[in-house]
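Novice: The structure's right below; bear with me while I get my questions together.
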Amino acid sequence: MSRTAAPAPAGASARPEASIRTGTSARPAPAARPGASARDAAERSAGTPPFNPVVLMSSPEHFRTTDALNPYYSEAALDRDAAVEEHREIRQTLERVGVEVVSVDPPEESQDGVYTANWALLHGGTAVMARLPHARRAEEEHARQLLEGLGFATLEAPAGTRFSGQGDALVCGRYALCGQGYRSDAEAQAFACEALGLERVQLRTVPQLDDAGAPVVNGVTGWEDSFYYDIDLALAVVAEPSEGSPGLIAYCPEAFDAPSREALRSLEGVDLIEVDEREAREHFACNLVSTGHDVVMSASAPRLRAALEERGLRTHTPRISELAKGGGYIRCTTLTLRR
């Protein structure tokens with residue numbers, strides 16, 4: 001069903017109208033999957049508000065792989081029609097599990113405008129806007145106007161810093177799990193967390209190495225590169241902590257340096273699931289969207305899928321190939337608007 005854009009958060013000023021479409025699919029409360037606990041079933045039928053209830057998605061209309069901005073860029077021809085269909089399947093799957101999707105048009109000048117997770121980090125009624133690679137710079141103003149049109153107050157990360165938005169900063173309760181070194185700087189992460197009232201957990205993933213063991217510098221961005229260039233390729237927040245229940249994070253240990261692994265294992269009130277390195281690196285296992293009950297994830301990550309289902313979570317696995325040619329996957333195409 002279609003409806004108007006969500007009202008502005010309390011305290012936010014009115015913003016100019018943006019080109020925005022919203023919609024959800026009406027559905028009954030999902031039945032508990034085989035093996036789910038009675039408590040899970042009760043929570044579902046009671047309509048427990050999900051994690052990630054509203055997300056922003058941008059059309060892949062202008063998606064292309066002209067500039068190789070990360071190690072995943074494929075030289076194989078891109079089938080844009082197939083990418084559009086994959087994007088539609090992600091959206092429809094999210095809507096089926098109760099997520100409201102706000103759809104917007106992409107900037108024509110940017111090849112990666114479909115990856116909205118990199119546009120900003122939002123918490124409450126405030127968005128800290130991203131500072132992206134030059135090839136994606138057109139997305140910055142486009143995203144600011146759209147988010148202000150939705151009623152969010154916007155802040156700019158410090159000049160001269162890099163900041164990859166939600167792609168490099170995932171919120172789990174009071175924590176913001178932040179990546180640095182490839183697409184984001186610690187200074188920008190510190191600014192965002194202070195502005196949004198979040199406790200920063202600064203992490204670092206391992207670099208991509210050449211045959212001599214030296215870090216690879218991306219030829220387009222001029223920045224060091226990594227197969228986990230954004231934190232959402234190495235880690236996923238499956239559930240936030242709630243009263244009486246711990247949060248749940250899935251992460252790939254091999255993706256992180258030793259201090260980061262220790263920092264994750266030291267988090268209070270959060271359980272961890274280890275993700276197989278091959279599933280994370282080759283099949284984007286961590287790049288998922290969870291409601292806390294349902295997980296929309298890679299169809300090629302059977303070990304993680306089994307681990308999630310053992311905990312009573314329902315998994316949904318759209319098939320993705322074309323969108324992955326730009327180095328993004330399911331989570332990359334969604335920016336969480338409200339928690």
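The values are calculated or read from the model by the stated rules, or taken from the named source; none is laboratory data. Nothing here was measured: the structure is a model prediction, and the numbers come from that model. Methodologically, a virtual Cβ is constructed for each residue, glycine included, from the backbone with ideal geometry; neighbour enumeration extends over all protein chains shown.
Novice: Those residues that are surrounded by fewer than 23 Cβ atoms within 10 Å (Cβ to Cβ) and part of a loop (DSSP other than H, G, I, E, B), I need them from segment 301-312; list them, please.
Specialist: Arg311, Gly312
Novice: Tally up the residues in segment 205-226 that are over 17 Å from Ala176 (Cβ atoms) and in a strand (DSSP E or B), please.
Specialist: Kept after step one, since they are over 17 Å from Ala176 (Cβ atoms), are these residues of segment 205-226: 206-226.
Applying the additional criterion that residues be in a strand (DSSP E or B) yields 209, 215, 217, 224.
Number of matching residues: 4.
Novice: In addition: Which one is nearest to Glu140 (Cα to Cα), of the residues in segment 305-337 that are free of Cβ contacts under 8 Å to residues at least 24 places away in the same chain and polar (S, T, N, Q)?
Specialist: Taking segment 305-337 first, the residues free of Cβ contacts under 8 Å to residues at least 24 places away in the same chain are 305-306, 315, 317.
With the extra rule that they be polar (S, T, N, Q), the set shrinks to 315, 317.
Numbers: Thr315: 33, Thr317: 30 Å.
Once the filter is applied, the top-ranked residue is Thr317.
Novice: Please determine whether any residue of segment 196-208 is among the polar types (S, T, N, Q), within 30 Å of Asp105 (Cβ to Cβ) and more than 17 Å from the chain's Cα centre (by Cα). Give the derivation first.
Specialist: Here is the first cut: in segment 196-208, the residues among the polar types (S, T, N, Q) are 202, 205, 208.
Checking the rest, the ones that are also within 30 Å of Asp105 (Cβ to Cβ) come to none.
Checked against the condition, which is being among the polar types (S, T, N, Q), within 30 Å of Asp105 (Cβ to Cβ) and more than 17 Å from the chain's Cα centre (by Cα), segment 196-208 yields no hits at all.
Novice: What single numbered condition from (1) under 21 Å from Val101 (Cα atoms); (2) over 17 Å from the mean Cα position of the chain (by Cα) fails to hold for Val289?
Specialist: (2)
Novice: Farther than 22 Å from Asp168 by Cβ, among the polar types (S, T, N, Q), surrounded by fewer than 21 Cβ atoms within 10 Å (Cβ to Cβ) and modelled with pLDDT of 95 or more - does that describe any residue in segment 283-300?
Specialist: yes
Novice: Among (1) at pLDDT 95 or above; (2) of a type outside the set (Val, Ile, Thr); (3) under 21 Å from Tyr115 (Cα atoms), where does Phe191 come up short?
Specialist: Only one criterion in (1) at pLDDT 95 or above; (2) of a type outside the set (Val, Ile, Thr); (3) under 21 Å from Tyr115 (Cα atoms) is unmet by Phe191, namely (3).
Novice: Can you find a residue that is more than 14 Å from Ala285 (Cβ to Cβ), part of a loop (DSSP other than H, G, I, E, B) and under 20 Å from the mean Cα position of the chain (by Cα) anywhere in segment 227-238?
Specialist: Checking segment 227-238: at least one residue is more than 14 Å from Ala285 (Cβ to Cβ), part of a loop (DSSP other than H, G, I, E, B) and under 20 Å from the mean Cα position of the chain (by Cα).
Novice: Please go through (1) over 25 Å from Leu196 (Cβ atoms); (2) touching a strand residue (DSSP E or B) at 6+ places or on another chain (Cβ under 7 Å) for Leu122 and return the number of the only condition it doesn't satisfy.
Specialist: It fails just one condition, (1).
Novice: Oh, and also: Out of Ala280, Ala192, report the one residue that is in contact (Cβ under 8 Å) with a residue 60 or more places away in the chain, buried (at least 22 other Cβ atoms within 10 Å of the Cβ), part of a helix (DSSP H, G or I) and of a type in the set (Gly, Ala, Ser). Please lay out each step first, then the result.
Specialist: Details: Ala280 fails: in contact (Cβ under 8 Å) with a residue 60 or more places away in the chain.
Result: Ala192 is the single residue among Ala280, Ala192 that is in contact (Cβ under 8 Å) with a residue 60 or more places away in the chain, buried (at least 22 other Cβ atoms within 10 Å of the Cβ), part of a helix (DSSP H, G or I) and of a type in the set (Gly, Ala, Ser).
Novice: Among strands (runs of 3 or more DSSP E) lying entirely in segment 84-132, which contain 2 or more residues that are closer than 27 Å to Arg162 by Cβ and either free of Cβ contacts under 8 Å to residues at least 40 places away in the same chain or over 17 Å from the mean Cα position of the chain (by Cα) (or both)?
Specialist: On the way: elements: 100-104, 120-123, 126-129.
Qualifying strands (runs of 3 or more DSSP E): 126-129.
Novice: Shifting gears a bit: When you scan segment 155-189, how many residues do you find that are part of a loop (DSSP other than H, G, I, E, B), buried (at least 22 other Cβ atoms within 10 Å of the Cβ) and among the aliphatic types (A, V, I, L, M)?
Specialist: 1
Novice: Right, something else. Give me a count of the residues in segment 133-154 that are part of a loop (DSSP other than H, G, I, E, B), under 20 Å from the mean Cα position of the chain (by Cα) and either under 19 Å from Met57 (Cβ atoms) or touching a residue at least 40 places away in the same chain (Cβ under 8 Å) (or both). Step through it out loud before you land on a result.
Specialist: Going residue by residue through segment 133-154, those that are part of a loop (DSSP other than H, G, I, E, B) are 133, 137, 150-152.
Filter again for under 20 Å from the mean Cα position of the chain (by Cα), leaving 133, 137, 150, 152.
This time we only want the ones that are either under 19 Å from Met57 (Cβ atoms) or touching a residue at least 40 places away in the same chain (Cβ under 8 Å) (or both), so: 133, 150, 152.
Here the count works out to 3.
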